[in-house]
1. Which residues in the stretch 83-99 have a backbone N closer than 17 Å to a point placed 7 Å from the Cα of LYS26 along the Cα-to-Cβ line?
2. In the full protein assembly as shown, how much of PHE69 is accessible to a 1.4 Å probe, in Å² to the nearest 10?
3. Between the stretch 203-222 and the stretch 131-155, what is the separation of their alpha carbon centroids in Å?
4. Give the aspartates and glutamates whose C-alpha is closer than 13 Å to that of LYS189, dropping any in the same chain fewer than 8 places away, or say none.
5. Which value, in debye to the nearest 20, gives the size of the charge dipole of the stretch 8-61 about its Cα centre, when Lys and Arg are +1 and Asp and Glu are -1 at the Cβ?
6. Add -39500 (n - 2.57) for each DSSP H run of 4 or more in the chain, then divide by its residues: what number comes out at 222 nm, to the nearest 500 deg cm²/dmol?
7. Could you give the C-alpha radius of gyration of the stretch 160-201 expressed as a fraction of 2.2 N^0.38 Å, taking N as the number of residues it contains?
8. Considering the options SER145, SER174, ILE158, tell which one lies farthest towards the positive end of the dipole of the stretch 124-206, charges being +1 on Lys and Arg and -1 on Asp and Glu at the Cβ, about the Cα centre.
Amino acid sequence: MAIQAIIFDAYGTLFDVYSIGRLAEKLFPGQGDALAALWRAKQIEYTHLRTLCSTYKPFWEVTQDALVFSCKKLGLDLNLDAQQALMAQYAKLAPFPECLSVLQQLRERGLRTAILSNGNSQMLDAVVKAAGMQALFSHVLSVDSVQKYKTAPEAYQIGTDMLGTGAKNILFVSSNGWDVCGATWFGYKTFWVNRAGAPMEELGVTPYGQGRSLVDLLAFVGHAREHS
């Protein structure tokens, strides 16, 4: 396959959404990991529900709603200071340790790299800047422009429209199994960063490649280009 560009999901793929658990643990001792996990699950669930029912809200608001619900579910007293502190972490989520090096090497190989995320533009700009990644992407794209979350085809279409090439020439990289399925159905070549060693979703989809980190992506891309 001829890879002309690589599109990355942001949250969970480049930026560690569970790193927020460290602050959550300080605020709610003994509940940090549980809160981080439930918050992420509800965040994704709400994006799917809102897209299915055509009731879009920006990702920042969806994320906040998921936090409030999760604290109620876990019986945690979420005061305004704690809520603001946890939400602010989304502007400075820790990137996974291999990200900068891998992105730099991909750019050195002449590949265009972009982000396509559910996050709204302000959130993405902040987290990319905090990680020092501004120069590593030709585009940082948000589904906010179509007001539908992934896995809606309109969300994935943003990538092909902006990069000006067909989906079959773009490698879409995500750590989220459901996102890999949606991107594959849309027509992208896909690579699953299976950081948790999870089974693939039972949806009849096999990604073109997979690995445990973005380091594995480098080897996959090199092999693919040699045999294209």
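The values are calculated or read from the model by the stated rules, or taken from the named source; none is laboratory data. Keep in mind that what you see is a predicted model, and the values were worked out from it rather than measured. Note that each Cβ is placed from the backbone with ideal geometry, even for glycine, and that neighbours are counted across all protein chains shown. Heads up: the accessible areas ignore ligands, DNA and RNA and are worked out on the full protein's heavy atoms, side chains in. Shrake-Rupley method; radii C 1.70, N 1.55, O 1.52, S 1.80 Å.
1. Flagged as within label range: 83-95.
2. Solvent-accessible area, nearest 10 Å²: 80 Å².
3. 20
4. ASP179
5. Values: 6 positive and 6 negative charges, 28 e Å.
Approximately 140 debye in magnitude.
6. Values: 9 runs with 107 residues, N = 228.
-14500 deg cm²/dmol, from helical runs alone.
7. Values: Rg = 11.0 Å, N = 42, 2.2 N^0.38 = 9.1 Å.
Taking the Cα Rg and dividing by 2.2 N^0.38 Å, one obtains 1.20.
8. Of the candidates, SER174 comes out farthest on the positive side.
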